[in-house]
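> Following this message is one structure expressed as C-alpha cells.
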Amino acid sequence: MPTHHLTDELLLDYAAGNLDAMTGMLVATHLALCPTCRAVAADCDRFGGTLLEDLPAASLADDALARTMSAIEGIPFDGPEAAAAGGVRPSDLLPRPLRDVVGNDIERLDWRRRFPGVQEALIATTPDGPTASLLRIQAGRAVPRHTHHGEEYTMVLSGGFTDHLGSFRRGDVAITDATVQHRPVADRHGDCLCLAVTDAPLHFAGPLGWRHRRGESCRGDP
Ligand SMILES: [Zn+2]
C-alpha cells in the first residue's frame with residue numbers, strides 16, 4: 001500500500017474538476033492504487049458538493065471523481081509482497097486511468113535514452129500545460145541530480161527508487177519543486193518504471209550543468 005500520498009489540495013482540485021488532463025490522469029492513477037487517498041478524495045467530493053450546492057449549474061464541476069471510482073472498481077490491489085518484489089503481473093502493471101491513455105503495451109511507446117540507464121517515453125505535452133511521460137530507470141542506476149522550475153509528480157509503477165526524501169514503491173508519489181534538488185536511485189532488485197508529470201523543464205545541477213527539456217535527445221545519444 002502506498003506510503004507517499006497526494007496532497008489534500010491536489011485531491012480537492014481533482015474532485016472539483018480543476019486539474020489539467022495530465023495531472024488528473026496522475027491523480028486517477030494514484031487513486032486506483034491507494035485506498036487512503038480514495039477515502040480523502042471521497043471526503044473532498046462530499047465537501048465540494050456542499051460548497052457547490054448554491055452555485056449556478058454552469059459552475060458545477062464535472063463528475064471526475066465518481067467516474068474514477070467506478071472505473072477502478074474491481075482492480076485487484078497489489079499487495080505489499082508483490083509491490084516490494086516489483087512482481088506485478090504485466091496485465092496489472094498500468095492502472096486503468098493510465099492504461100486508457102497509453103494502451104497496454106508500453107514496449108510500443110517511443111522510448112528514448114535520456115542518460116545511461118534511464119529511458120523516457122513521452123505521453124503528452126502541451127505548450128502551456130504539463131508534460132507527462134514514463135521513465136524507466138535500470139536497477140541500481142540514478143537520474144542525475146536535478147531541480148524543477150515548477151512542480152513535478154513522480155509515481156512509481158513498478159520497482160522502486162530512493163532519494164533524500166525517502167524510498168518510493170508502487171503507487172508512491174514523489175512531489176518536488178524548485179526548492180528540492182534530488183537524485184533518485186533505482187532499487188537494485190529490478191528496473192523502476194515511473195509516471196512523471198511536470199509543468200516545467202527539469203534543471204540539472206552539478207557536472208552536467210545544462211538544461212534538459214523533455215522531448216529532446218540527451219548528449220551522447222547515438
Ligand atoms: Zn495515496
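> Restricting attention to region 133-152, does a residue exist that is touching a helix residue (DSSP H, G or I) at 6+ places or on another chain (Cβ under 9 Å), within 16 Å of the ligand (Cβ to nearest atom), at pLDDT 80 or above and open to solvent by less than 20 Å² (accessible area, probe 1.4 Å)?
no
> Next question, about the same structure. Residues of region 16-30 being over 13 Å from L195 (Cβ atoms) and either open to solvent by less than 10 Å² (accessible area, probe 1.4 Å) or near the ligand (Cβ under 9 Å from one of its atoms) (or both), which ones?
Of everything in region 16-30, nothing turns out to be over 13 Å from L195 (Cβ atoms) and either open to solvent by less than 10 Å² (accessible area, probe 1.4 Å) or near the ligand (Cβ under 9 Å from one of its atoms) (or both).
> In region 153-196, what residues are among the polar types (S, T, N, Q) and within 20 Å of P97 (Cβ to Cβ)?
Within region 153-196, the subset among the polar types (S, T, N, Q) is 154, 158, 162, 167, 176, 179, 181.
Residues satisfying the conditions are T154, S158.
> Moving on to the next point. Quick one: count up the residues across region 154-172 that are open to solvent by less than 20 Å² (accessible area, probe 1.4 Å), in a loop (DSSP other than H, G, I, E, B) and of a type in the set (A, V, I, L, M).
0
> Identify the residue in region 173-202 that is in contact with a helix residue (DSSP H, G or I) (Cβ under 9 Å, 6 or more places away or on another chain) and in a loop (DSSP other than H, G, I, E, B) and, among all such residues, is surrounded by the fewest Cβ atoms within 10 Å (Cβ to Cβ).
Taking the candidates together, the pick is H189.
> Continuing with the same structure: Out of the residues in region 87-119 that are under 20 Å from H30 (Cα atoms) and among the acidic types (D, E), which is most open to solvent (accessible area, probe 1.4 Å)?
Here the residue is D100.
> Ok, one more. Please state which of the following conditions G159 fails to meet, knowing it meets all the rest: (1) more than 17 Å from the chain's Cα centre (by Cα); (2) at pLDDT 95 or above.
(1)
> Separate question: Would you check if there is a residue in region 44-52 being at pLDDT 70 or above and either among the β-branched types (V, I, T) or open to solvent by less than 80 Å² (accessible area, probe 1.4 Å) (or both)?
Yes, region 44-52 contains at least one residue that is at pLDDT 70 or above and either among the β-branched types (V, I, T) or open to solvent by less than 80 Å² (accessible area, probe 1.4 Å) (or both).
> Step by step: first the residues of region 130-148, then only those that are closer than 19 Å to V173 by Cβ and assigned to a loop (DSSP other than H, G, I, E, B), then the one that is farthest from the chain's Cα centre (by Cα). Which residue is that?
Step by step, filter region 130-148, then rank; the result is V143.
The values are calculated or read from the model by the stated rules, or taken from the named source; none is laboratory data. Model, not experiment: these values are computed from the prediction. Here the Cβ is made from the backbone with ideal geometry for all residues, glycine too, and neighbour counts use every protein chain on show. Just so you know, the surface numbers come from the protein's heavy atoms only, side chains and all, with ligands and any DNA or RNA stripped out. Shrake-Rupley method; radii C 1.70, N 1.55, O 1.52, S 1.80 Å.
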